[in-house]
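Reviewing the structure listed below.
The values are calculated or read from the model by the stated rules, or taken from the named source; none is laboratory data. Here the structure is a predicted model, which means the values were calculated and not measured. Here the Cβ positions follow ideal geometry from the backbone for every residue, glycine too, while neighbour counts run over all protein chains shown. Just so you know, the surface numbers come from the protein's heavy atoms only, side chains and all, with ligands and any DNA or RNA stripped out. Shrake-Rupley method; radii C 1.70, N 1.55, O 1.52, S 1.80 Å.
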Amino acid sequence: MKWVTWAFAAAVASASAGCSNKAEQAQHEADVSVAEANKEAREAREAAAKAAAAQKAAVEETARAARNEARAKLQKDVEAADRKITYLKEKAAKATGAAKKNAEAAVAELEKRRTAVSADMAKLDAEAASTWDAAKASAERSLASLNQAVDNLETTIAGKAAR
């Protein structure tokens, strides 16, 4: 009977050990699966972060190019206005009498507006991307105002010539 008890105990122990080994193996396989899933998730996050950074850089470069192009166009328009201003100032200097007073007033207004354009153009260089559009709009308004002052001076000088 003793022998049967030992045999039974050995069978139970080996069955328990077999279960324990199976449980340990199952736990190990689950741990490996979780580790692989975590690695894949981390790699996917890293790839997504790299893709997002590349996309952001591309968007920023496109915006920078657009800002440079817009600034170059504005600068070209300012330079054209400056050439016309120089020409009109020379003509205004030749005016006499009341026409000269009117031309001097128009030149003073024109210079005030030219100073505003210069300030707005300087802001374009200093503005952050988030506020650049507002600075550009301000520069465009100032340039339009300058062009109106140029037209006013031209009309004043032409009025003098028509008399």
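Hey, could you check the range 54-74 for residues that are under 18 Å from Arg141 (Cβ atoms) and open to solvent by less than 60 Å² (accessible area, probe 1.4 Å) and say which is nearest to the chain's Cα centre (by Cα)?
Here is the first cut: in the range 54-74, the ones under 18 Å from Arg141 (Cβ atoms) are 67, 70-71, 73-74.
So of that shortlist, the ones also open to solvent by less than 60 Å² (accessible area, probe 1.4 Å) come out as 67, 70-71, 74.
Working: Arg67: 9, Ala70: 13, Arg71: 14, Leu74: 19 Å.
That would be Arg67.
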Can you name the condition, by its number, that Lys50 falls short on among (1) at pLDDT 90 or above; (2) under 13 Å from the mean Cα position of the chain (by Cα); (3) among the basic types (Lys, Arg)? (2)
Would you check if there is a residue in the range 75-95 being surrounded by fewer than 16 Cβ atoms within 10 Å (Cβ to Cβ) and not in a helix (DSSP H, G or I)? yes
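Could you please give the count of residues in the range 42-96 that are under 21 Å from Ala108 (Cβ atoms), in contact with a helix residue (DSSP H, G or I) (Cβ under 7 Å, 6 or more places away or on another chain) and of a type outside the set (Val, Ile, Thr)?
In the first step, residues of the range 42-96 are kept if they are under 21 Å from Ala108 (Cβ atoms); the result is 78, 81-96.
Subsequent filtering for residues that are in contact with a helix residue (DSSP H, G or I) (Cβ under 7 Å, 6 or more places away or on another chain) retains 78, 81, 84-85, 88-89, 91-92, 95.
Cutting the leftovers down to of a type outside the set (Val, Ile, Thr) gives us 81, 84, 88-89, 91-92, 95.
Going through the range 42-96 one residue at a time, the tally reaches 7.
Does Ala103 count as more than 29 Å from the chain's Cα centre (by Cα), open to solvent by less than 70 Å² (accessible area, probe 1.4 Å) and not hydroxyl-bearing (Ser, Thr, Tyr)? First the steps, then the outcome.
Working: more than 29 Å from the chain's Cα centre (by Cα): yes; open to solvent by less than 70 Å² (accessible area, probe 1.4 Å): yes; not hydroxyl-bearing (Ser, Thr, Tyr): yes.
So Ala103 fits the description; yes.
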Which of the residues belonging to the range 123-135 are assigned to a helix (DSSP H, G or I) and either hydroxyl-bearing (Ser, Thr, Tyr) or open to solvent by 60 Å² or more (accessible area, probe 1.4 Å) (or both)? Lys123, Asp125, Ala126, Ala129, Ser130, Thr131, Asp133, Ala134
